[in-house]
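See below for the structure under consideration.
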Amino acid sequence: MAAIDVKHLSHTYRGGFKALDDINLSFDAGVFGLLGPNGAGKSTLMRILCTLLEPTEGEVSVCGHDVMEDPMAVRSQLGYLPQEFGAWRSHRVEEVLDTLAQLSGMLDKPSRRQTVGEVLEAVGLGDVADRKVKKLSGGMLRRLGIAQTLIHGPKVIIVDEPTVGLDPEERIRFRNVLTNLGRDRTILLSTHIVADLGGACKAVALLDNGQIIFQGSPAELVQGAIGQVFQLSVSETELDDLEAKYDLVSTSIGSGSLVVRGISHEDELPPNAEVVEEPSLEESYMAFMAARGRSGAARQDEEHTDTEVA
Ligand SMILES: Nc1ncnc2c1ncn2[C@@H]1O[C@H](COP(=O)(O)OP(=O)(O)OP(=O)(O)O)[C@@H](O)[C@H]1O
Ligand SMILES: [Mg+2]
């Protein structure tokens with residue numbers, strides 16, 4: 001029995017917009033990445049898995065429980081960190097978790113204290129247990145978000161866009177926390193900041209316009225992109241020409257010139273460009289989307305296109 005099992009799932013919103021179209025997915029223990037540009041349907045899929053939205057077609061189960069037939073059983077196995085997570089601002093970190101533990105039915109104080117302590121350690125917030133939530137940094141707040149999903153010992157954790165707005169150091173830290181947690185749980189993570197998945201993921205699924213367009217290991221995604229990613233030194237003026245024709249992934253300043261990395265256009269590289277032998281996951285994702293005519297799909301969040309932070 002897979003921890004998450006999705007068969008022929010489609011979802012049409014009221015008003016007629018089809019946000020998911022015949023999705024088939026299956027996940028066991030480990031970290032899984034759900035990738036896709038804005039509007040691809042990532043949050044819709046996650047909200048269905050969390051029983052917050054009823055699918056219009058297909059079958060979805062979590063730890064063997066159907067989301068439609070037994071939503072309460074699904075919830076007991078599941079922790080969810082939504083795309084927007086806030087609240088509890090004037091409470092202390094420890095209090096937030098203690099209250100949530102009580103709400104999930106842990107009435108024995110000493111064992112609750114122990115669980116809260118363990119969860120705080122797991123996400124690296126042990127040192128700030130008595131700090132007020134409003135005094136946490138953005139990264140700490142996201143980690144508190146993860147902590148709240150863990151309190152009732154769920155087998156499956158669903159995290160929607162966890163790293164938006166975090167600095168590179170916090171993003172790496174967050175990724176490490178998830179990798180550790182993924183050892184004995186299923187973690188489904190959505191993001192359009194591809195670099196954040198790193199090597200932590202066992203498999204990735206690429207969602208575009210409500211359809212799964214790739215499913216496999218990160219290595220397979222990268223393999224498919226070899227030969228499509230180039231590197232080239234250019235001057236400022238050459239850069240404009242290049243940008244008009246190719247999708248550029250990153251630009252860095254070399255000695256006296258700019259070093260750009262980009263994606264081939266219809267299998268053609270710019271003259272004098274070198275092929276990048278080991279493209280990053282992000283570059284591979286861009287190459288994959290470009291091959292489908294979705295040029296620039298990964299670039300809607302300009303702030304995060306620089307692969308140097310990976
Ligand atoms: N309540 C709703 N009613 C109608 N359409 C909706 C509703 N919620 C989302 N949509 C549409 O469904 C599509 C998928 O939205 P969804 O939020 O699942 O995308 P996403 O992949 O999470 O995007 P993002 O990366 O921006 O978070 C979008 O076109 C969106 O406009
Ligand atoms: Mg979303």
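How high is the FRET efficiency between Asn209 and Lys7 when r is their beta carbon distance and R₀ equals 22 Å, given to the nearest 0.05? Write down the numbers at each step before the final one.
Numbers: r = 20 Å, r/R0 = 0.90.
Between Asn209 and Lys7 the formula returns 0.65.
Annotation: extensible slack from Ala122 through Ser104 equals 4.6 nm (criterion: 0.36 nm per residue apart, minus Cα-Cα distance).
For the chain, the number of Lys pairs separated by eight or more positions or lying on different chains, with C-alpha atoms closer than 28 Å, is 12. Against the main long axis of the alpha-carbon atoms of the chain, helix 236-245 sits at an angle near 70°. Modelled spin-label separation between Lys18 and Asp184, with each label point placed 7 Å from Cα along the Cα-to-Cβ direction: 4.3 nm.
Once you list every other residue whose beta carbon is under 10 Å from the beta carbon of Thr186, what net charge do they have if Lys and Arg are +1 and Asp and Glu are -1?
Working: positive: Lys155, Arg185, Lys202; negative: Asp28, Asp184.
Within the 10 Å Cβ shell, the charges total +1.
As an exercise, use a Förster radius of 30 Å and the Cβ-Cβ distance of Glu277 and Ser257 to find the FRET efficiency, rounded to the nearest 0.05. The calculated FRET efficiency here is 0.90.
Across the alpha-carbon set of the chain, the Rg to Rh ratio works out to 1.02, Rh being the Kirkwood radius.
Averaging sequence separations of C-alpha pairs under 8 Å and six or more residues apart, then dividing by the length of the chain, give the relative contact order as a whole percent.
On the way: 597 pairs, mean separation 60.1, N = 310.
It rounds to 19 percent for the chain.
Taking label points 7 Å from Cα along the Cα-to-Cβ direction, Glu57 and Ala219 give a separation of 3.7 nm. Placing a label point 7 Å from the Cα of Arg89 along the Cα-to-Cβ direction, the residues of segment 96-134 whose backbone N falls under 15 Å of that point are 132-134.
None of the figures in this text is laboratory data; all of them are computed from the coordinates on show. Predicted, not measured: the structure shown is a model, and the values here were computed from it. When we count neighbours, we look across all protein chains shown, and the Cβ atoms used for this are built from the backbone with ideal geometry, even at glycine.
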